[in-house]
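Throughout, read-outs are computed from the coordinates displayed, never taken from laboratory work. Not measured: the values here are computed from a predicted model. Heads up, the Cβs are rebuilt from the backbone with ideal geometry, glycines too, and the neighbour counts pull from every protein chain shown.
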Amino acid sequence: MDPRSSAQDVVRCDVCDTPVPPLHCDFCQTNLCKACVGEHMLDLSKKHQVVPFKDRGSTPNYPICTKHSPKQCELHCEQCDIPICAHCVSSESHKNHKLVDIYTNYEKKREDLQKDLQELVKSLSPKYQEIANKITVQKADLSKNSKKLTTGIDKHGEVWHREIDTIIQKLKSDLDEMDTKHLAVLNKQEDEITHTISEITQSIADLKKLLDSNDVSLVSAYKSRIAEFRRLPPKLTISLPNFTHQKINPEQLYQQFGSLSAFSITTEEHGYTMETSEAGSSPLKPLLDEPRIISTIQTQYGGFSNGLTSVTCHSDEEIWTCSYDNKMMSLYNLQGELVKSVQTKSGNYPWDIAVTGVGI
């Protein structure tokens, strides 16, 4: 195994293998001892930046040109947004393009990176976490609402079951009452007919006995009941009760039982806004794709020499105005009404207006 690749071996000069080199070329990524620095710097095909070993990595590593390797890119073309070398410039492929020093572009990019990092850490990441937390709360509310509605539906179903049981019991009770009345009528007529049949049976036996008898007095005393028996009892016609049920319409039944309100989700494109870093400032609003006139205000300024020169929004409802030829600054509302006027403390004409959170 090469000792230089072992974790226990010390750092060595990449040219002569001397242990613990004190220098490092950031451009070539080469460790150097003092004796090898001069020879390394003589290689004019590359750009060099020798720094103390402890400061290695502090110098930007310039990229190698993709068209003219191994030339290093020392410029940046802003139109093409790519690093280029001196040969790229001489080839006129970037003629009339704005070229800047690559290190200057590097520093600017680092500033942009720092700004992006700061915004990501301080604003965007917390904002997205806040949105995620709101979704968690919405999911919890959804579950809680679902349980509440389920309980309500079950309780209403129990009420319906009780009402249905009551209706069923009432119908059965009415049926029992009708059966009792009908049965009483039938029993009464049955008793009367049974009694009449008994009398007819007795009359038949008596008549047979008289016909077999020679007793003149008994035969003469006979009274016929044929006319009485010929009066038949009234005929009972009973209409038996019938159960007629209503046809169940599931849709009507659903509506009568109750219904859920419509489920809806709306998406608001600019519902979430980022707040500015200034304390007390209002949330940033998205820019309109097209300007929109929301109000037209006629100010007190007029004419070419005394015309309106500066306008500043104090809020969504108030606008400050001024003119070079007027020592007064005027505050108007969106209805075009003059709210108040303020004279400059200096007594001079105002050149511009700046509105802060505190006031004018």
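Which order, highest average first, do 261-268, 247-254 follow once you tally other Cβ atoms within 10 Å for each residue and take the mean per peptide?
247-254, 261-268
Per DSSP H run of at least 4 residues, take -39500 (n - 2.57); add these up for the chain, divide by its residues and hand me the 222 nm value, nearest 500 deg cm²/dmol. Could you put the intermediate results ahead of the total?
Values: 7 runs with 136 residues, N = 360.
Helix contribution divided over all residues of the chain: -13000 deg cm²/dmol.
Past 22 Å, Cα to Cα, is the threshold; run Lys67/Lys115; Lys71/Lys98; Lys67/Lys108; Lys34/Lys54; Lys188/Lys208 against it and keep the listed order.
Lys67/Lys115; Lys67/Lys108; Lys188/Lys208, as the Cα separations exceed 22 Å there.
Determine, for each peptide in 66-74, 183-191, the mean count of other beta carbons within 10 angstrom over its residues, then list the peptides with the highest first.
Result, highest mean Cβ count within 10 Å first: 66-74, 183-191.
Percent of Cα-Cα pairs more than 27 Å apart in the chain, please.
81
Around Cys13, which amide H atoms from residues at least 5 apart in sequence, or from another chain, sit under 5 Å from its own amide H, with H modelled in the peptide plane?
For Cys13, whose amide H was placed from the backbone, the distant partners under 5 Å are Thr18, Val20.
Work out how much length Leu44 to Val121 would gain on full extension: take 0.36 nm times their residue separation and subtract the Cα-Cα distance, in nm to one decimal.
So the chain would gain 23.4 nm between Leu44 and Val121.
With a sphere of radius 13 Å drawn around the Cβ of His97, what net charge do the other residues whose Cβ falls strictly inside it have (Lys, Arg +1; Asp, Glu -1)?
Computed value for this residue: -1.
What are the equivalent ellipsoid semi-axes of the stretch 126-207, built from the alpha-carbon gyration tensor (square roots of five times its eigenvalues), in whole angstrom, biggest first?
Details: eigenvalues 1237, 8, 3 Å².
Listed largest to smallest, the semi-axes of the stretch 126-207 are 79, 6, 4 Å.
Can you give me the long-range amide H partners of Phe27? Hydrogens built in the peptide plane at 1.01 Å from N, cutoff under 5 Å, separation of 5 or more residues or another chain.
Gln49
Which ³J(HN,Hα) values, rounded to whole Hz and listed in residue order, are derived for the stretch 85-95 from phi using the Karplus coefficients 6.51, -1.76 and 1.60 in 6.51 cos²θ - 1.76 cosθ + 1.60 with θ = phi - 60°, glycine and proline given as x?
Rounded to whole hertz, the list is 9, 5, 5, 4, 5, 5, 7, 6, 6, 10, 4.
Show me the ranking of peptides 197-205, 35-43, 83-91 by mean Cβ neighbours inside 10 Å, starting with the highest.
So the peptides 197-205, 35-43, 83-91, ranked by packing, come out 83-91, 35-43, 197-205.
With a bin width of 5 angstrom, please list the P(r) values of the stretch 58-149 as percents of all Cα-Cα pairs, from the 0 bin to the one holding the largest distance.
Spelled out bin by bin, the stretch 58-149 gives 3, 12, 14, 13, 9, 8, 7, 7, 6, 5, 5, 4, 4, 2, 1, 0 percent.
Hey, rough spin-label estimate for Thr66 and Ile135, points 7 angstrom out along Cα→Cβ, what's it come to in nanometres?
3.6
Once phi is turned into θ = phi - 60°, what whole-Hz ³J(HN,Hα) does the Karplus curve with 6.51, -1.76 and 1.60 give for every residue of the stretch 98-109, x standing for Gly and Pro?
Couplings: 7, 10, 10, 4, 5, 6, 5, 5, 4, 5, 5, 4 Hz.
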